[in-house]
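Since the structure comes first, as structure tokens, the remarks are kept for the end.
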Amino acid sequence: MGKRILITGGAGYIGSHTAVELQNAGYEVVIVDNLSNSNENVIDGITRITGIRPAFEKLDCNDKEGMRAVFAKYPGIEGIIHFAASKAVGESVQKPLLYYRNNLVSLMNLLELMPEFDVKGIVFSSSCTVYGQPDILPVDESAPIKPALSPYGNTKQICEEIVRDTIHAGAPFRAILLRYFNPIGAHPSAEIGELPLGVPQNLIPYLTQTAIGIRQELSVFGNDYNTPDGSCIRDYINVVDLAKAHVIAMGRMIEKKSENNIETFNLGTGRGVSVLELINSFERATGVKVPHKIVGRREGDIEQVWANPEYANNVLGWKAVETLDDTLASAWKWQVRLREKGIM
Ligand code: UFG
């Protein structure tokens with residue numbers, strides 16, 4: 001039996017891809033997910049890819065007694081990857097308390113339970129959103145944290161501080177904060193992928209839904225930014241590459257390979273791509289046209305941000321390797337699979 005790892009939010013987009021990579025690396029995975037933004041079928045997808053069915057408990061991480069029972073039911077959990085969180089920027093502005101409660105309390109529950117069950121470490125899902133609009137690009141981990149533009153963004157900043165303060169206070173475990181840039185794409189098997197409920201807010205699901213005819217037209221939010229083609233620039237990272245970084249981070253943490261009890265890594269490609277470039281790349285990679293129009297800017301959008309991933313490359317020993325075209329092709333294959341299955 002491999003080492004046992006708890007993945008909260010393991011039925012979600014990044015969580016499910018990470019469950020696959022952890023199982024492929026020989027870990028035993030326990031998934032806790034309240035299915036608030038995911039579906040139990042995802043567990044079947046993970047099983048079809050890996051040949052192993054991960055343990056699954058439908059539970060909200062805010063339920064501390066429920067979580068205690070999970071640790072008791074699955075003894076010897078060595079590490080946690082904490083994905084479970086509410087993540088819609090716009091909704092967080094409407095429902096701040098929901099976001100603060102969901103995102104902060106679930107983390108605090110885990111940090112309090114870890115010593116009780118001798119858990120060695122926790123990987124926390126953070127975001128490049130903590131940098132706001134960086135003054136220097138590409139942005140590295142030493143860049144200042146900028147005031148958050150939404151309650152969602154604020155929860156990521158506060159959660160980072162909660163973890164940092166807990167470690168500095170002498171908690172008997174380690175932590176790694178992973179700052180994701182923009183994860184996109186799907187597993188190459190198209191057994192799992194991103195499955196947003198309702199109208200997608202993020203670029204790629206809106207783009208693929210437009211390409212397949214569910215949406216009429218993709219709106220490009222602004223072409224008057226101070227960028228070469230006027231549209232916003234992001235660092236789009238393949239979700240499987242991202243998932244693999246979690247496997248490396250987990251090994252590093254529970255095998256105590258670092259001198260530090262807490263570490264922070266940017267997870268990006270180091271390549272900035274504009275919205276218009278992304279649409280072109282998708283059309284080239286798939287041969288499918290994406291009807292689109294330029295509209296006004298979206299409130300709260302950062303003009304441009306991409307990672308300096310050198311610290312993760314050199315210290316973690318991880319590098320994003322998938323090409324943008326292959327990644328976009330995987331997103332399209334997933335969208336087509338959803339159509340074949342009659343899901344969308
Ligand atoms: N965009 C469009 N049209 C759309 C959707 C998005 O042009 O229909 C553009 C956005 O303006 C942005 C880019 O595509 O320039 C990427 O937008 P996403 O919504 O996919 O991603 P964001 O970079 O805005 O959001 C990400 C994460 C959030 C995080 C946020 C903080 O998805 O979780 O970064 O900046 F909070």
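Worth pointing out:
- Average accessible surface area per residue within the chain, 1.4 Å rolling probe, Å²: 43 Å²
- Built amide H within the under 5 Å cut-off of Ala55, gap 5+: Val29, Ile31
- Per-residue 3J(HN,Hα) values for segment 206-217, derived from phi via the Karplus relation 6.51 cos²θ - 1.76 cosθ + 1.60 with θ = phi - 60°, read 5, 5, 5, 5, 6, 4, 8, x, 6, 10, 6, 7 Hz in sequence order (x marks Gly and Pro).
- Each of Tyr27, Ile5, Asn102 was placed along the dipole of segment 1-160 (beta-carbon charges, centred on the mean Cα), and the one lying farthest toward the positive end is Asn102.
- Each residue, Ile212 and Val295, gets one label point 7 Å from its Cα in the Cβ direction; the gap between the two is 2.1 nm.
- Accessible surface of segment 230-294, 1.4 Å probe, proportion on carbon and sulfur as whole %: 45 percent
- Over the chain, relative contact order from alpha-carbon pairs under 8 Å, at least 6 apart, %: 19 percent
- The alpha carbons of segment 264-327 occupy a box of 42, 31, 11 Å along the principal axes, longest dimension given first.
- Proximal charge balance of Glu217 [Cβ under 12 Å; K/R count +1, D/E count -1]: +3
- Radius of gyration, Dmax [segment 171-290; alpha carbons; angstrom]: 17.7, 53
- Computed over the chain with a Gaussian network model linking Cα atoms closer than 10 Å, the most mobile of Ile77, Ile162, Ile46 is Ile162.
- Across every direction, the projection of the convex hull enclosing the Cα atoms of the chain has a mean area of 16.1 nm².
- Segment Val199-Lys341, extension gain: residue separation times 0.36 nm, minus the distance between their alpha carbons: 49.2 nm
- Fraction of accessible area attributable to carbon and sulfur, segment 73-142 (%, probe 1.4 Å): 57 percent
- Each Cα pair under 8 Å and six or more residues apart adds its sequence gap; the mean of these over the residue count of segment 276-344 is a relative contact order of 41 percent.
- Tally of Lys pairs whose C-alpha atoms are under 20 Å apart, taken over segment 243-344, 8 or more apart or cross-chain: 6
- Cβ charges +1 (Lys, Arg) and -1 (Asp, Glu), total dipole of the chain, debye: 540 debye
- Placing pseudo-labels 7 Å out from each Cα toward the beta carbon at Asp326 and Ser189 gives an inter-label distance of 1.8 nm.
- Here the spin labels are modelled as points 7 Å beyond Cα on the Cα-Cβ line, and at Asn280 and Asp118 they lie 5.8 nm apart.
- For Leu177, distant residues with modelled amide H under 5 Å away: Phe124, Glu263, Thr264, Phe265
- A Gaussian network model of the chain, with springs between Cα atoms under 10 Å, assigns the largest mean-square fluctuation among Ala320, Ala285, Ala331 to Ala285.
- For Gln304, the residues 5 or more places off, or on other chains, whose built amide H falls under 5 Å of its own are Ile233.
- Hz values of 3J(HN,Hα) by residue in segment 322-328 - Karplus curve (6.51, -1.76, 1.60), Gly and Pro given as x: 6, 7, 4, 4, 5, 5, 5
- FRET E, pair Ile162, Glu303, Förster distance 41 Å, beta-carbon r, rounded to 0.05: 0.90
- Among the GluC sites (Glu not before Pro) in segment 218-269, those placed in a DSSP loop whose Cβ has at most 14 other Cβ atoms within 10 Å are Glu255, Glu259.
The values are calculated or read from the model by the stated rules, or taken from the named source; none is laboratory data. Note that the structure is a prediction, hence the values are computed from the model and not measured. Positions of Cβ are generated from backbone atoms using ideal geometry, with glycine treated the same way; all protein chains shown enter the neighbour counts. Only protein heavy atoms, including side chains, enter the accessible area calculation; ligands, DNA and RNA are left aside. Shrake-Rupley method; radii C 1.70, N 1.55, O 1.52, S 1.80 Å.
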